[in-house]
1. Using the structure shown, list the pairs from A:LYS102/B:LYS9; A:LYS16/B:LYS57; A:LYS16/B:LYS9; A:LYS16/B:LYS71 with a Cα-Cα distance above 32 Å, or answer none.
2. Can you tell me which of A:ALA88, A:ALA71, A:ALA59 moves the most in a GNM of chain A? Springs connect C-alpha atoms under 10 Å apart.
3. Distances over 21 Å make up what percent of all Cα-Cα pairs in the protein assembly as shown?
4. I'd like the carbon and sulfur percentage of the solvent accessible area for chain B, probe radius 1.4 Å, heavy atoms only, ligands and nucleic acids excluded.
5. What percentages, rounded to whole numbers, describe P(r) for the stretch A:1-93 computed over all alpha carbon pairs with 5 Å bin width beginning at zero?
6. Where Rh denotes the Kirkwood radius from the mean inverse Cα pair distance, what is Rg over Rh for the stretch B:20-61?
7. What whole-number value in Å² describes the accessible area per residue of chain A for a 1.4 Å probe?
8. Extent of the stretch A:16-59 along each principal axis, from alpha carbon coordinates, in Å, largest to smallest?
Amino acid sequence: AQKITQTQPGMFVQEKEAVTLDCTYDTSDQSYGLFWYKQPSSGEMIFLIYQGSYDEQNATEGRYSLNFQKARKSANLVISASQLGDSAMYFCAMREGWGAQKLVFGQGTRLTINP
Amino acid sequence: DGGITQSPKYLFRKEGQNVTLSCEQNLNHDAMYWYRQDPGQGLRLIYYSQIVNDFQKGDIAEGYSVSREKKESFPLTVTSAQKNPTAFYLCASSRVTSGRSGANVLTFGAGSRLTVL
């Protein structure tokens with residue numbers, strides 16, 4: 001079974017609009033962490049935001065926020081006021097347990113921002 | 001500035017040849033990782049190491065080998081036993097989590113693109 005599911009292969013959004021990228025996860029661990037990474041066409045992976053399973057508040061980092069719904073096992077990324085530079089692949093990933101950060105990644109969503 | 005250096009950026013290999021991808025970090029991170037990415041796909045873990053002289057297989061270790069003789073270095077060898085080695089390879093490093101606070105973020109290198117001719 002897929003541990004991380006991203007159901008949107010591609011999304012097209014007008015500049016300055018908000019966009020939500022979906023991510024659901026599957027784990028039986030109580031302790032886990034959820035990450036979002038951005039991958040521009042150059043290929044490097046850029047960390048955006050993190051949510052721990054014990055964190056009671058949704059994480060925010062500038063224009064990025066994570067809508068964490070633990071009961072639904074969902075960790076959607078919200079980008080407010082999208083910019084042309086936000087066009088990229090976006091990956092949701094999960095770490096189970098502690099120790100090494102062995103991340104399991106979803107298939108990704110390609111986000112295109114239109115001017 | 002601290003970071004991860006991967007080399008070479010592009011590599012071409014003939015079938016039957018072994019190739020080694022270099023990964024060096026100066027972040028003083030204990031853990032290092034190798035991921036593989038195929039076109040349009042997410043990343044899959046090949047190997048990881050939490051301390052020097054120790055490493056563990058990830059989900060797709062077959063046909064790959066690694067070593068960790070120094071904290072800063074974690075080279076990946078793609079052997080001739082790897083049936084479909086053409087892919088984008090990403091190296092990463094992180095601290096090792098302790099306790100429940102947990103966000104030891106993976107820092108990635110720029111990647112190495114391997115093509116088998």
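1. A:LYS16/B:LYS57; A:LYS16/B:LYS9; A:LYS16/B:LYS71
2. A:ALA71
3. Tail of P(r) above 21 Å: 56 percent of Cα pairs.
4. It is 45 percent, rounded to a whole number.
5. Using 5 Å bins, I get a P(r) of 3, 13, 25, 26, 19, 10, 4, 1 for the stretch A:1-93.
6. 1.00
7. 46
8. Sorted from largest, the Cα extents of the stretch A:16-59 read 35, 25, 16 Å.
The values are calculated or read from the model by the stated rules, or taken from the named source; none is laboratory data. Computed from a prediction, not measured in an experiment: that's the story for all the values here. All Cβ positions, even for glycine, are placed from backbone atoms using ideal geometry, and neighbour counts span all protein chains on display. When the accessible area is computed, the model is the full protein with side chains, heavy atoms only, and any ligands, DNA or RNA have been set aside. Shrake-Rupley method; radii C 1.70, N 1.55, O 1.52, S 1.80 Å.
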